[in-house]
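Trainee: Structure below; questions to follow.
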There are 2 protein chains.
Amino acid sequence: VAWIEELRAALGPERVRTDAGDLRAVSRDASPLHGAPACLAYPEEREHVERALQIAAEAGVAIVARGGGTSLAAGAIPPAGALVLAFNRMARVRELDAEERTALVEPGLTNFALDALARRHGLRYAPDPSSRRVSMIGGNIATNAGGLHCLAHGVTTDHVLGVEVVLTDGSVAWLDALDAPDMRALVVGSEGTLAVVTAALLSLLPVPEATGMVVCGFSRLEQAGEVAESIVRAGLPASALEYIDETMLGVISKMSPGVLPSGVEAALIVEVETLHESLDEALATIEALVAEAGGSSRRAVGSAEQTRIWEARRTSGGAFGLLFPDSYTHDFAVPRDRIVEVLRGVSAITEAHRVEVVTVAHLGDGNIHPKIVYDGREAGAYERVIDASNAILELVLAHGGTLSGEHGIGLEKLGAMGRQFSPAELDMLRAVRASFDPEGILNPDKAVPLAGDEARRGVFAHA
Amino acid sequence: VAWIEELRAALGPERVRTDAGDLRAVSRDASPLHGAPACLAYPEEREHVERALQIAAEAGVAIVARGGGTSLAAGAIPPAGALVLAFNRMARVRELDAEERTALVEPGLTNFALDALARRHGLRYAPDPSSRRVSMIGGNIATNAGGLHCLAHGVTTDHVLGVEVVLTDGSVAWLDALDAPDMRALVVGSEGTLAVVTAALLSLLPVPEATGMVVCGFSRLEQAGEVAESIVRAGLPASALEYIDETMLGVISKMSPGVLPSGVEAALIVEVETLHESLDEALATIEALVAEAGGSSRRAVGSAEQTRIWEARRTSGGAFGLLFPDSYTHDFAVPRDRIVEVLRGVSAITEAHRVEVVTVAHLGDGNIHPKIVYDGREAGAYERVIDASNAILELVLAHGGTLSGEHGIGLEKLGAMGRQFSPAELDMLRAVRASFDPEGILNPDKAVPLAGDEARRGVFAHA
C-alpha cells in the first residue's frame, strides 16, 4: 500500500508494522469490541507524529492514537484500514519542576510511573484510574480519566495545564489552560478526535499531611448511601467514597482474603486527607455516622494498611478472569441522591435478563460501574448482556444521569449520544470537530456521532 | 432601521432603546476605549435572546452581550452599529440547592448578590473580582474572571458546572462540564464570541471553618516576593497573597487610614482558610517567615477586622478618581519566580516614559496589575501611557508571561495575540470560533483576531 510505504520511508522501517500479530494486539481494548487496523506505527519524536498525520491525511486514512489500550468504552477500537499510532516509545518525562509542582511529559508515560516519580519529590499525580499501572497519560487525557480520588481532586482536565498537539495537517500548537478560549479543555476528553497530543504539562499536588480510612460494612445498600450522603453534606475531608457490592466483595476476597468486610450487602471505603491534628476527629465522626446508620466499621491508619486496602480494590480485575470468562463494565453518572434507587434498579434489570452484575461505584461523584459478567461461549449470553445494558442505560437517563462518568464516549455509546444531546448540541459538536479535523479521520466513531448515528437504537449493539 | 423595528415588534418597545443617552451608557466599559452601538435591548427571557440573535444575524449586525460593563480590557466595547444586549433584567436565581451546593442563575445577577444569597445557606461563591458589586455572572463567565481568592479556589471556569447558550441561529444548547468534549470550558472565557449565555449552573463552596490574615509590610519588594514564594512552597493553606505597592498604599490610606502598613515599599495581605485547630499554627508560621525575611507583620482575626482589610483593598478605586483623573489598568500573568524582576522592570519603564504606575498583584498566581495613572487632558499624556504599556507587554512576554491573567482579551489586546500564539494556533481559534458563529457577529474584535489583525504592531494603540 502506497501510504504505508511512504510512512516506512518517513519514520524508518523499525517504527512501522503490518504483521497480523502486531495488528491484532492493537485491534482491541478492554471492551468486548474489536477493529481491523491496516498499520501500526511507533512514533518516538513529535516529528514522527507530524509526518504520520500528514501522510495519513493525504491518503484519507483514519488515525487512532493509542495509549495503554485500557478503554472499557471501546474508545481505542480502530476502524477497518486505520493507522494506529502507539505511544509506547514516547514516554519521557521532559521536565519535572518540584518547586512549581509541574511535570512536562510525553503521552506514553504510564499514570503510575508519573505518580511514582512525583512521590520521590514529596508530590503526587492525583488522577488515579484503576488501570493506572498500564494506562498512559495520553489515554487519560483523551478520556478525561477520573479515578478513586476524583471526589477530592477532580478529573484529568483539572490537572492538565497545557498540551502540545499535532493537527491533521501536521501543524503543531500549544494549548494552554490560561488561554481564552480554553481549547486545551476541549481536547481533554475528546477521545483523540480533535488532535493528537504529543506532550502535556501536568500539575502535581503535595502528598497530604495525613490520610486515614474507615472501612465499613452494611447489611443494606441504603445504609451505605445514607452514610455517603452524610459525609458529603457534613463537608468532611473525604478524598474517596468507594462503594463495593456483595458479589464484588466475594471476588476480592478470593484474591485478598480478610481485607474487606464479608457477609454484608455493601461495603464502603472512606478515605480522608487532612492535617495530622484533624485526622482523628474526622475518622471518629465518620465512625459515628456509620454506627448511626447501623453499619459496622474498622479504622485503617498507617500507609501499609491503607495500601493493602487500595490494592485489594484495584486488583479485583485479576480475580474476575478466574471466576467469569467475560465481563462488560459500564460507566454512568447519576445524581448522588438517586444512586441507591438506580443500584436497586440495576439489580432488578439484570435479574430479569438472567445475567449477573457486580457493581463498584464512586459514591461521592455519583459514578457507578455495573459490571455484567457472562460466558461468551454460551449461546445467547452476549445478547442478554446487551439487552440488559440497554435497559440500564434507559434507567440511568430516566433518573437524570449522564452517559459516562469517567470512561468516556467510545464506539459502544456513540449511538446513545442522541439520548443526551439535542440535535442543535450535536450539530455544535460536529462543527467544532470539523474545525479541527475537517475530514473526520481522527479516531472516527468516538465522542462525536456522524449525522444520523445518534438516532440509532440499541446502543450497546456492536459485536 | 428595519432590523431595529423588527426587534421592537419581537421584544416589545419597552425592551428596545435607541436614544443617544441610553446608547452612550453602553458604548463604554472600564477601559479607556469606546464604541458606537446602534441599539440597546433588555432581554427578560431566553426567548428574547433567541429572537434578538435571529434578527441581528439575518441583518448581519454585530451583537455584544453586556454584563456590568466593568471590563478593564475593553471586552465590552461594541463595534459601530452593533446591537447591545444588556442583561440587567435577566438576573433571577432560578434555583439554589444548598444540599447539592449549586445555583442555577441568570447572567444579569451580580457576583456579589449570588455570594450574599449563598452565605444565607452557609455557602459562598468563590470567584470574587474586585468589581463584584456590579460585575455580573454573565460577564464573569465571558472573561473567566478570577479575583482575590483564586489562589485557593481557582477562576470562574472551575465553578461553572454548565451553561445554557443561544447560538447565532437562535438555537439553544446546554453545555455541561460532564460532556466530552467539554464545550462549556470553551465558552467560559471566550468573551461572548461563541454564543450568548442565558443561564449558568454554578457550584457553591462551604464557608471555611476558620480564616485569618497576616498583614505584612516590607522595606523592599524583594522581601515580599520571598515570603510569597516561601508560603506557596511550604504548602500553607493560603487563600490569598495580595501584593500592594507603596503608591497604592498611599491611595488606600486616603480612603481607609490606618488599615494597611505605611512607609514601606510593599505590603502583602496573606489570608489563610483552614480548620479552627490549625489556624493559629498557620498564622504563626507565616509571621515567622515574614520576620525571617526582615518584614513586619500584624495578625488579623475576627470577621469584622478581616472585612475591613478586604474592603480597604477593594474600594481603592474610589480614591483613584480623587487623586488621578485617568488610569489604565493592566493585567498580565508571569511565572511566580519572575514577578519581582518584572515589577522592578515596570517601575523602570514607567519612569523612562514619565508616567506614574501603581501596582497590585495576586502573587500566588503570578497575576500582576500595573495601573498607569495620568491626566488625559494633558497633551501627549495618553500617548506616553500607550508607549509605556507596550514596553511593559514586551517585558512580560520576555519573562515568559502571558497576555492576560484574569481580565481577558478585549479589544485592547487583540493585536497582541500574534505575540503569544503561532499562526497555526490562531487558525485553530478562528476555525473554532467560525464553527459556532460563522459570520463572526458575536462581540467582534475580542479574544479571536481576524486574519492579519494579530500582526498589527502597537498593541495598546486604540483611542
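The values are calculated or read from the model by the stated rules, or taken from the named source; none is laboratory data. Predicted model, so just to flag it, every value in this text is computed and none were measured. No Cβ is skipped: glycine too gets one built from the backbone with ideal geometry, and neighbour counts run over all protein chains shown. To get the accessible areas, we keep the full protein, side chains included, count just its heavy atoms, and leave off ligands, DNA and RNA. Shrake-Rupley method; radii C 1.70, N 1.55, O 1.52, S 1.80 Å.
Trainee: About its Cα centre, how strong a charge dipole does the protein assembly as shown have in debye, to the nearest 20, once Lys and Arg get +1 and Asp and Glu get -1 at the Cβ?
Mentor: Value, rounded to 20: 200 debye.
Trainee: With the label 7 angstrom out along Cα to Cβ, how close does A:Gly302 come to the same site in each of the other copies, in nm, nearest first?
Mentor: 4.7
Trainee: Straight-line reach only, C-alpha to C-alpha below 19 angstrom: list the lysines that B:Lys413 could link to, leaving out same-chain residues fewer than 8 apart.
Mentor: B:Lys371, B:Lys446
Trainee: Right, here's the next one. Looking at segment B:181-240, which GluC sites (Glu not before Pro) are DSSP coil and have at most 12 other C-beta atoms within 10 Å of their C-beta? Could you put the intermediate results ahead of the total?
Mentor: Details: sites: B:Glu191, B:Glu209, B:Glu222, B:Glu226, B:Glu229; in loops: B:Glu191, B:Glu209.
Passing sites in segment B:181-240 do not exist.
Trainee: What are the label-to-label distances in nm, one decimal and shortest first, from A:Asp97 to the same spot in the other copies, with labels 7 Å along Cα to Cβ?
Mentor: Between copies, matching label points for A:Asp97 lie 3.9 nm apart.
Trainee: Which order do the peptides B:84-91, A:337-344 come out in when sorted by mean C-beta neighbours inside 10 angstrom, highest first?
Mentor: So the peptides B:84-91, A:337-344, ranked by packing, come out B:84-91, A:337-344.
Trainee: Just check segment B:357-397 against the gyration tensor rule for me: Cα atoms, a ≥ b ≥ c as the square roots of the eigenvalues, rounded for a/c under 1.5, and otherwise prolate or oblate depending on whether a/b exceeds b/c.
Mentor: Oblate shape, in that a/c is at least 1.5 and b/c is the bigger or equal ratio.
Trainee: Ignoring ligands, DNA and RNA, what accessible area per residue does segment B:80-217 give at 1.4 Å, in Å²?
Mentor: Details: 3960 Å² over 138 residues.
Roughly 29 Å² per residue, with all protein chains present.
Trainee: Using a 1.4 Å probe on the protein chains only, how many percent of the accessible area of chain B belongs to carbon and sulfur? Intermediate results must be reported in sequence, preceding the final value.
Mentor: On the way: 8570 of 16570 Å².
Accessible surface attributable to carbon and sulfur in chain B totals 52 percent.
Trainee: Right, something else. Round to a whole angstrom and tell me the spacing of the C-alpha centers of segment B:312-380 and segment A:131-195.
Mentor: When both Cα centres are located, 35 Å separates them.
Trainee: Now for a separate question. Taking each residue of B:421-434 in turn, how many C-beta atoms of other protein chains fall within 10 Å of its C-beta, and what is the average?
Mentor: On the way: counts 5, 4, 2, 9, 10, 1, 5, 11, 7, 1, 7, 8, 2, 3.
Mean partner-chain Cβ count within 10 Å for B:421-434: 5.
Trainee: Moving to a separate point now. Which of the trypsin sites (Lys or Arg not before Pro) found in segment A:97-205 are loop residues per DSSP with 10 or fewer other Cβ atoms within 10 Å of their Cβ?
Mentor: A:Arg120
Trainee: Can you work out the accessible area per residue across segment A:222-379, with the rest of the protein chains kept in place, probe 1.4 Å, in square angstrom?
Mentor: Per-residue value: 40 Å².
Trainee: Rounded if a/c is under 1.5, else prolate if a/b is larger than b/c, else oblate: which is the protein assembly as shown, with a ≥ b ≥ c the root eigenvalues of its Cα gyration tensor?
Mentor: Prolate, since a/c reaches 1.5 and a/b exceeds b/c.
Trainee: A further question on this structure: Charges on Cβ only, +1 for Lys and Arg, -1 for Asp and Glu, centred on the Cα centroid of the protein assembly as shown; of A:Pro107, A:Ala118, B:Gly321, which one is farthest towards the dipole's positive end?
Mentor: A:Pro107
Trainee: Can you compute the charge dipole magnitude of segment A:313-463 about its Cα centre, using +1 on each Lys and Arg Cβ and -1 on each Asp and Glu Cβ, nothing else charged? Give it in debye, rounded to the nearest 20.
Mentor: Dipole size: approximately 260 debye.
Trainee: Let me ask something additional. Roughly how many Å is it from the Cα centre of segment B:242-311 to that of segment A:80-99, as a whole number?
Mentor: 46
Trainee: Still on this structure, I have one more. Please give the total accessible area that chains A and B bury against each other, computed with a 1.4 Å probe and expressed in Å² to the nearest 100.
Mentor: Numbers: alone 18400 and 18410 Å², together 33120 Å².
Heavy-atom accessible area buried at this interface is about 3700 Å².
Trainee: What is the sum of charges, Lys and Arg at +1 and Asp and Glu at -1, for the other residues whose Cβ falls under 11 Å from the Cβ of A:Ala116?
Mentor: Here the count lands on +4.
Trainee: Once a ≥ b ≥ c are taken as the square roots of the eigenvalues of the Cα gyration tensor of segment B:149-240, is the result rounded (a/c under 1.5), prolate (a/b larger than b/c) or oblate (a/b not larger than b/c)?
Mentor: Note, shape of segment B:149-240 comes out prolate.
Trainee: Residues of segment A:72-100 losing 30 Å² or more of accessible area relative to the isolated chain, 1.4 Å probe, heavy atoms only?
Mentor: Checking the loss per residue gives A:Glu99, A:Glu100.
Trainee: Further question on the same structure: Can you tell me the accessible area per residue over segment B:1-52, all protein chains present, probe 1.4 angstrom, in square angstrom?
Mentor: Heavy-atom SASA per residue in segment B:1-52 reads 47 Å².
Trainee: Here's something else I'd like to know. Let me know the whole percent of all Cα-Cα pairs from segment A:225-281 that are separated by more than 20 Å.
Mentor: Counting pairs separated by more than 20 Å, the tail of P(r) holds 37 percent.
Trainee: Have a look at segment B:263-294 and report residues whose accessible surface goes down by 50 Å² or more when the remaining protein chains are included, against the chain on its own, probe 1.4 Å, ligands and DNA/RNA excluded.
Mentor: Buried by the other chains: B:Glu277.
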